[in-house]
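First the structure, in the form of structure tokens, and then the observations on it.
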Amino acid sequence: KQEVTQIPAALSVPEGENLVLNCSFTDSAIYNLQWFRQDPGKGLTSLLLIQSSQREQTSGRLNASLDKSSGRSTLYIAASQPGDSATYLCASKGWGTDKLIFGTGTRLQVFP
Amino acid sequence: GAVVSQHPSRVICKSGTSVKIECRSLDFQATTMFWYRQFPKKSLMLMATSNEGSKATYEQGVEKDKFLINHASLTLSTLTVTSAHPEDSSFYICSAILAGGPGIEQFFGPGTRLTVL
């Protein structure tokens, strides 16, 4: 059974710092891995999706990497801003299923 | 882009009543929709998979008689919390997969906050 964990659970940093959020999964046979952002009391916004054949994806200041062999994905946020404050969730999708298994989330606060 | 809506966004009800939550795919057809619940400061837990025209598939530990799911069309799935109790208070989120698409990405609704008094 796939288990997805995220470290750290919470993070508070000053504006401008470069950040790394970690996501670990126990079953490396994933179809893809996706990173989401969730603002308080809101739904999910998809940030990046990495297929199993890919190593990384980039969108603006965000870069996500995937290392299946080690069961890890990282989300890199460059030059963080207060508007980046939110909870970040990773989720894995296995082969032959549409189900997403979500990680425990990292609550990020970027202060001015 | 694909948009999923939920209605209502927030509902408060008395214990013992039933509450219906709608999930709609606005600009695409969805053969499969998912229902999640999220407790405060916790991650999303899949409750059930809803397929158009067939019975929903529930995850282990989810009471199918309490959480009734109907997926009557390719753009609408409903979740009815029957005889709601305070412990059912949670944030319910739906998602949908584009019909005929590669099935790679789920599109999420904005969520429904249920408070049972």
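Read-outs: derived from the displayed coordinates by stated rules, not from any lab. Fair warning: this is a prediction, and the values are worked out from it, not measured in the lab. A quick note on method: Cβ atoms are made from the backbone with ideal geometry, for glycine too, and the neighbour counts reach across all protein chains shown.
Numbers for the structure displayed
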item	result
Neighbour net charge for B:Val62 - beta-carbon separation under 14 angstrom, K R +1, D E -1	0
Cβ neighbours within 10 Å from other chains - mean over A:82-91	1
Estimated dipole of the stretch B:7-117 in Debye, rounded to 20 [Cβ of Lys and Arg +1, of Asp and Glu -1, Cα centre]	340
Lys, Arg +1 and Asp, Glu -1 on Cβ, resulting dipole of the protein assembly as shown about Cα centre, debye, nearest 20	300
Coarse-grained scattering of the stretch B:39-111 at q = 0.17, 0.20, 0.22, 0.23 Å⁻¹, given as base-10 log I(q)/I(0) from a Debye sum over alpha-carbon atoms	-0.72, -0.98, -1.17, -1.26
Choice from B:Val81, B:Val19, B:Val62 showing the highest fluctuation, given a GNM over chain B with Cα pairs closer than 10 Å	B:Val62
24 Å Cα-Cα threshold exceeded, pairs from A:Lys42/A:Lys93; B:Lys20/B:Lys55; A:Lys68/A:Lys99; A:Lys99/B:Lys14; B:Lys42/B:Lys66; A:Lys42/B:Lys42	A:Lys99/B:Lys14
Chain A, relative contact order in percent, only Cα pairs under 8 angstrom and at least six apart counted	37
Length-normalised contact order of chain B in % [C-alpha pairs under 8 Å, at least 6 apart]	37
Partner chain coverage, peptide A:96-103 - average Cβ within 10 angstrom	5
